[in-house]
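*Asks:* Let me give you the structure first, and then I'll get to my questions.
Every number in this text was worked out from the coordinates using simple rules, so none of it is lab data. This is a predicted model, so every value here is computed, not measured. Backbone-built Cβ (ideal geometry, glycine too); neighbour counts: all protein chains shown.
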Amino acid sequence: MSSPSHVRAKWAAIAGAPLLFAAIAALQVRIDAQTRSEAQEEEEILLRSGSAVKKLSLGYDSLLANIYWTRVVQYYGARSGKDGATFDLLWPLLDITTTLDPKLVVAYRFGWIFLSETGAAGPDRTDLAVALLKRGIAANPDDWRLNCDLGFLYYWRVKDYPNSAAAYLEGSKKPGAALWLKMMAARVLEKGGSLETSTMLWSELYESTKEPSIRHRAVQMLRGLKTLQDELYLDDLAEQYQKRFQHYPASTRELRDAGLIGGIPVDPDGYPYVFGPDGKSRLNPRSTVVVPPDLTNQPAEPK
């Protein structure tokens, strides 16, 4: 026979369930309307506690986790790319999602990307992105993809190449791990930060997901990396041209006519590169290629 305290706890949980779902509905209104009132602020505070939500879930942890994950995607998608947007609820939503269902791997694999994006694209919280992936690895110790994501995050955002290599190497030891993880660990240690290594990592990210927004981001970065590689190569040729003719080339045609290149190099959009008075190559004004600021400090590998 159940004790009075057990019965009271059971009925308290049952009574709390409608409040939980009402709170989730209120959160949806908050996300859609993007308005703030005193009552909504109180609801946000309530919903910041993953453990509190879990206690009220009555065993529907997995269902609620998927609901919250949907809210994460909606919340991030409604704000990303908009000037002045804030992402205050992004981490609390991800925290609740993964507390409810620690096995929901998709929340870790995309959540870290949302958290680490910079500028108008995201909150620039690499620290929370690292914490999220470490939580995911602890809850899903056999999933090598999470180690791969952590290696990428350390490489790209933190510029911590030893920890990046360690994450790739640890992932390579797990069941079914991709064969290239060991190679990536060695390459990051040897040539961390090079354009070629960055290109390999973004290519792997593109191949490893079917999510359109992530693939689009990877394509943008790969186009930017290709442009930087071309520009560094052309800048070197321009210096050779200047030493020979005592002035910088006005166009890539002059490099071709001098026998320094065999054709006219074009950017990923198909436009020829142009030169400034300083001898530095740059994109044609008509080109739509964008070189993200976080690519501009990537060194090239020695030829």
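*Asks:* If you count, for each residue, the other Cβ atoms within 10 Å and average over each peptide, how do 223-231, 169-177 line up from highest to lowest?
*Replies:* Order by mean packing, descending: 223-231, 169-177.
*Asks:* Return the sequence-ordered ³J(HN,Hα) values of segment 139-147 in whole Hz as given by the Karplus equation 6.51 cos²θ - 1.76 cosθ + 1.60 applied to θ = phi - 60°, using x for Gly and Pro.
*Replies:* Once θ is set to phi - 60°, the couplings for segment 139-147 become 7, 9, x, 9, 8, 5, 5, 5, 5 Hz.
*Asks:* Could the peptides 148-154, 264-270 be put in order, highest first, of the mean number of other beta-carbon atoms found within 10 Å of their residues? Walk me through the intermediate numbers first.
*Replies:* Values: 148-154: 25.4, 264-270: 15.0.
The most tightly packed comes first, giving 148-154, 264-270.
*Asks:* Right, here's the next one. List the pairs from Lys134/Lys191; Lys134/Lys173; Lys191/Lys243; Lys103/Lys134; Lys134/Lys159; Lys103/Lys159 whose alpha-carbon separation is above 21 Å, in the order I gave them.
*Replies:* Lys134/Lys191; Lys191/Lys243; Lys103/Lys159
*Asks:* What length, rounded to one decimal in nm, is gained on full extension from Thr70 through to Lys134, with 0.36 nm per residue of separation minus their alpha-carbon distance?
*Replies:* Gain on extension, Thr70 to Lys134, equals 20.9 nm.
*Asks:* If you don't mind, another one. Once label points are set 7 Å from the Cα along Cα→Cβ at both Lys210 and Arg256, what is their separation, rounded to one decimal in nm?
*Replies:* 4.3
*Asks:* Nearest 0.05, what FRET efficiency do Ala78 and Asn163 give at R0 = 35 Å with Cβ-Cβ as r?
*Replies:* That gives a FRET efficiency of 0.60.
*Asks:* Place +1 on the Cβ of every Lys and Arg and -1 on the Cβ of every Asp and Glu in segment 218-295, take the dipole about the Cα centre, and give the residue among Gly279, Leu260, Ala218 whose Cα lies farthest towards its positive end.
*Replies:* Ranked along the dipole, the leading option is Leu260.
*Asks:* Something else about it: Given R₀ = 45 Å, what would the calculated FRET efficiency be for Asp142 paired with Gln240, taking r from the Cβ atoms and rounding to 0.05?
*Replies:* So, using R0 = 45 Å, E works out to roughly 0.30.
*Asks:* Give the calculated FRET efficiency between Ala85 and Asn284 to the nearest 0.05, with a Förster radius of 35 Å applied to their Cβ-Cβ distance.
*Replies:* Efficiency, from the Cβ-Cβ distance: 0.65.
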